[in-house]
Amino acid sequence: MLFNSLPFLAFLALFFGIWPLVKHKNTSKWLWICCMSAVFYGWWDWRFLFLLFFTGAIDYFTGKFILKFPRQKKFWLWLSLTTNLLSLVIFKYSGWLASIIDNGFATFNIHISFKSWIPEFTLILPVGISFYTFNSMSYTIDLYRGKTKPAENILHFFAFISFFPHLVAGPIIRAKDILQQLTKPIQTNSVQIFHGIRICIWGLFQKMVLADNIAVLVNDQFNHVGEHSDSAQWWICMLAFAFQIYFDFNGYSTIARGIAKLCGIHFRLNFNQPYFAHSFQNFWQRWHISLSSFFRDYVYISLGGNRKGRLRTNLNLWITMLLSGIWHGANFTFVVWGALHALYLSIERFIIKQRLIINNKPVKTLFNFFLIFIPVLVAWTFFRAKDIHEAFYIIQCLFSFNFELSLKELLISNAVFWLIIGIANEYILFNKFKLIHSKSPIFQAVLICFLIALIIYFRGPEQQFIYFQF
Amino acid sequence: MIENSRIKLSRIGIIITILLTPIMIFLFGICLPKLPSSNILHDAFWADKISNSKKYDIVVIGDSRIYRGINPLIISQITASKTVNYGFSAAGLDSSLIYSALEQLDTNGKKIAVFGITPSAFTQEASKNEHFKSLKRISDKDLWIRKNIYPFLGGFNSYSLSEIKKAFNHEAYYQDCQADGFIYSYKVPSDSMAAINSYIDYFKRTSISELQQSNFLDLIKKLESKGIKCFAFRVPVSLPMATLESKIFDFETFKIKLESAGAHWISIPQNGFNSYDGSHLTGPSANKLSRILGDSILNYH
């Protein structure tokens, strides 16, 4: 079920229709969240509900055993991690790994098809598997580290794991942040409701108007990669994609936060204007914050972080970024994307950070643009391309500085118009004038109504959220 | 105290939002130009077409020239037989499309299949039948929503800049989705040369497949042997387009092969029809062609 679909509107009406009746008692509240989240997830493919509940049940019980048998807690943690990672490997990576092995054998003229041995069912990627397994793992790891309290019962645990706003495309939430909120009596006042509505609409606008309209240009260009070689066209396309993916995913996260807010639950911010970043490290503190912090806390720091010397720090960084790349998808393009960011971060640590300390603000902004934004844009090429060859072809086009075509038609296209509006929103209206945080409720109400009208009349062709595929 | 005033202000905000939203939607609705066709109703139309469970006596199969060029209602009236239009964009006349179309035939009815013959229907590109297959992939839940909810949302079209610009320039592409798979279409201003260049480009990318043609002819033989009467005709287009098509496809030879496979060829005069882009017929011409087809089917029987 997509947030931007009619069934979701009906679903939401049903959920909030009953919510005031159940929200005061923990058991009824958790049960209602679990049931409705099962409907929300099952709407896509009910068969995969078993996976959600199976991995969830393993984590709940291993969590219990971690506390009950502290001497064997390492074993229970590994059992939990293995189950989650194995389900990811089977359902997300088995097809990819099999084709790598097949191709490896093929180079020695041995033709074996491991891929054809894999059951077809496991080749379907369950929506949101990367998100809910990570949510679930955070619970057992935090219990192991003594950083969170256990769930009161299995219903409480599943309410946290399956809570529909974050279930299929994040943000990845931590047990310590949510479990407690779910036990507290929920008091939603007008301030929270108005804020929730406001950010829901803002998220919908980002997704349905900005991202979906921009997607037309990007999809058209990427559907006919070989037919386009003009550098300017590709720079515009990659700029468009950078903002499409931002508005798409930030839109989803914002809607999720808004819905959670309407339930009286607070989700942390998942994006904080990442294209304003003044360093690559800062970019990752602003982009998909819930995933970055997950990898930082559970992988990078677990590996030793920056405590074991320069070389080891860089090794840890590379491992973390490569894992982050693979997390996004079973394709070498994501591995290269992760590797590129690791490279950027390594270079930043060794050279740029030490030499370029610029105090002049306009010069600094310009430097940030060329040194941070452009490399990020180049890395997005690997993220969006269907394979490595396609990505390299695009990069070749970008840097061939071959400007053949007249861009007049492209520049007056609908997609470019919304791209400009999106960038203006991001850089001027919401950064300089803080429109979304304006104090006047009348102004905010008018803004919401205006955005609703824009969503209705200027929505782009319906596209699935990009992060659903992860 | 401060918290109370924030709660009060937020309550005012919520009330204003609830009251102002319908007004804002209404204002946008009246300020924006009327679009000549509704994309929501289009979605409903295609959902209806791909999941239509009604049974018919006559099914007309082909590409966009068919769904814009044949009005089944007129054929139904003339032949007194229930007729459906089974045309899809860039359709190729291959077994997947044809068997799916034949499922619409009433086994106790007249069992007539009418094929619109165009050169592009036998290309490798068309054999992918992307439009038809993309509609087939839509889930049952989505089809239900499109068929049952979308017809009530026809007024909430989404606008693009080019559409607004066209509307202000009094340019329009009228597409009225009608019953049984027909889209009554015309363009203002019309340009009978508009499709020529894209058609030439299309045949640079792809070629007519001999295999597709022989598979089609084999299928016709099979259908005839099963008691399904097959008719075929060349869809009229503008004169320059007809000349271009005659150069890339030998209609005369194909007609002879079709007739020897058992089908009946309906000769349609290539003049006397208006096309708004050189490839697709205007609504009135579509009605005229449908009358000729109806008469031919009636007279054959």
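Would you work out if the stretch A:274-346 is rounded, prolate or oblate? Take a ≥ b ≥ c from the square roots of the eigenvalues of the alpha-carbon gyration tensor; rounded if a/c is under 1.5, else prolate when a/b is larger than b/c, oblate otherwise. Because its axes are fairly even, with a/c under 1.5, the stretch A:274-346 counts as rounded. Placing R0 at 22 angstrom, the Cβ-Cβ distance between A:Tyr427 and A:Phe16 gives a FRET efficiency of 0.05 after rounding to 0.05. For B:Lys34 and A:Gln273, the FRET efficiency from 1/(1 + (r/R0)^6), where r spans their Cβ atoms and R0 equals 30 Å, is about 0.15. Spatial offset of the stretch B:270-296 relative to the stretch A:210-281 amounts to 46 Å, using the alpha carbon center of each.
Going by the alpha-carbon gyration tensor, a ≥ b ≥ c the square roots of its eigenvalues, is the stretch A:108-263 rounded (a/c under 1.5) or, if a/c is not under 1.5, prolate (a/b greater than b/c) versus oblate? Oblate, because a/c is 1.5 or more while a/b does not exceed b/c.
Largest first, the extents of the alpha carbon coordinates of the stretch B:101-149 on the three principal axes equal 36, 35, 14 Å. Note on the protein assembly as shown: helix-only mean residue ellipticity at 222 nm, from DSSP H runs of 4+ residues weighted -39500 (n - 2.57) and normalised by residue number, equals -18500 deg cm²/dmol.
What the Cα atoms of the stretch A:203-351 give is an Rg and a Dmax of 17.4, 51 Å.
Its Cα gyration tensor gives the stretch B:1-112 an equivalent ellipsoid, and the semi-axes of that ellipsoid, as √(5λ) in whole Å with the largest first, are 52, 16, 14. Take each residue in B:4-15, count the other chain C-beta atoms within 10 Å of its C-beta, and the mean is 6. When the C-alpha to C-alpha distance is required to be over 29 Å, the pairs from B:Lys110/B:Lys255; B:Lys187/B:Lys255; B:Lys110/B:Lys257 that qualify are B:Lys187/B:Lys255.
Convex hull volume per residue, computed on the Cα atoms of chain A, equals 175 Å³. Extending 7 Å from the Cα toward the beta-carbon at both B:Arg11 and A:Phe369 defines two label points whose distance is 4.9 nm. For the listed residue pairs A:Lys115/A:Lys149; A:Lys23/B:Lys8; A:Lys25/B:Lys147; B:Lys82/B:Lys136; A:Lys115/B:Lys55; A:Lys92/B:Lys128, the alpha carbons are over 32 angstrom apart in A:Lys115/A:Lys149; A:Lys25/B:Lys147; A:Lys115/B:Lys55.
For the peptides B:179-192, A:103-116, residues were scored by their other Cβ atoms within 10 Å and the scores averaged per peptide; the highest-first order is B:179-192, A:103-116. Residues of the stretch B:117-160 falling in the label zone of B:Lys247, defined by backbone nitrogen less than 16 Å from a point 7 Å along Cα to beta-carbon, are B:119-120.
With the convex hull of its Cα atoms as the shape, the stretch A:7-130 has an orientation-averaged projected area of 11.1 nm². Taken over the stretch A:219-293, the ratio of Cα radius of gyration to 2.2 N^0.38 Å equals 1.41.
The slack in the chain from A:Phe399 to A:Asp220, taken as 0.36 nm per residue of separation less the alpha-carbon distance, amounts to 62.4 nm. Centre-to-centre, using Cα atoms only, the stretch A:28-90 and the stretch B:102-124 are separated by 52 Å.
Which percentage, to the nearest 5, of the DSSP beta bridges contained in the protein assembly as shown is antiparallel? In the protein assembly as shown, approximately 30 percent of DSSP beta bridges are antiparallel ones.
In debye, nearest 20, what is the charge dipole magnitude of the stretch A:6-186 about its Cα centre with +1 on Lys and Arg Cβ and -1 on Asp and Glu Cβ, if you could check?
Roughly 860 debye, rounded to the nearest 20.
Solvent-accessible area per residue in the stretch A:104-259 equals 32 Å², computed with a 1.4 angstrom probe and all protein chains kept. Hydrophobic long helices, here whole DSSP H runs in chain B with Kyte-Doolittle means of at least 0.5 and Cα atoms spread over 18 Å or more along the helix axis, are found at B:2-31. Each Lys and Arg adds +1 at its Cβ and each Asp and Glu adds -1 at its Cβ; summed about the Cα centre, the protein assembly as shown shows a dipole of about 3580 debye. Measuring how big the stretch A:64-179 is from its alpha-carbon positions, Rg and Dmax come out at 18.0, 57 Å. Model label sites at A:Ile154 and B:Gln124, defined 7 Å from Cα along the beta-carbon direction, differ in position by 5.6 nm.
What nm value, rounded to one decimal, do you get for the distance between A:Lys184 and A:Leu31 when each label is placed 7 Å out toward the C-beta? Simple spin-label model gives 2.5 nm for this pair. Taking the charge dipole of chain A about its Cα centre, with +1 at Lys and Arg Cβ atoms and -1 at Asp and Glu Cβ atoms, the residue from A:Asn272, A:Ala240, A:Phe108 reaching farthest to the positive side is A:Asn272. Peptide A:451-463 is shielded by partner chain Cβ atoms: per residue, an average of 5 of them sit within 10 Å of its Cβ. B:Leu93 sits with roughly 10 Å² accessible to a 1.4 Å probe, with DNA, RNA and ligands left out of the calculation.
Given a Förster distance of 22 angstrom, what is the FRET efficiency for B:Asn148 paired with B:Thr107, based on the Cβ-Cβ distance and rounded to 0.05? Once the sixth-power term is evaluated, E becomes 0.20. Divide the volume of the convex hull around the Cα atoms of the stretch A:191-469 by the residue count and you get 154 Å³ per residue. Amide H contacts of B:Phe231: B:Ala113, B:Val114, B:Phe115, B:His264, each under 5 Å away and 5 or more positions distant or on a separate chain (H built 1.01 Å from N in the peptide plane; Pro and chain starts excluded).
Within a 10 angstrom radius of each residue's Cβ in B:20-30, how many Cβ atoms of other chains show up on average? Whole number is fine. Display every interim value, and only then the final one.
Values: counts 8, 9, 3, 2, 9, 6, 1, 2, 8, 3, 0.
So the per-residue partner count for this stretch is 5.
Building the convex hull from the alpha-carbon atoms of chain B and averaging its projection over directions returns 19.7 nm². Taken as Cα centroids, the stretch A:141-200 and the stretch B:25-101 sit 48 Å apart, rounded to the nearest whole angstrom. Taken over the C-alpha atoms, the stretch B:15-71 has Rg and Dmax values of 19.0, 57 angstrom.
The values are calculated or read from the model by the stated rules, or taken from the named source; none is laboratory data. Being a predicted model, the structure only gives us computed values, none of them experimental. All Cβ positions, even for glycine, are placed from backbone atoms using ideal geometry, and neighbour counts span all protein chains on display. Each accessible area value is taken on the protein alone, full model and side chains, heavy atoms only, with ligands, DNA and RNA left out. Shrake-Rupley method; radii C 1.70, N 1.55, O 1.52, S 1.80 Å.
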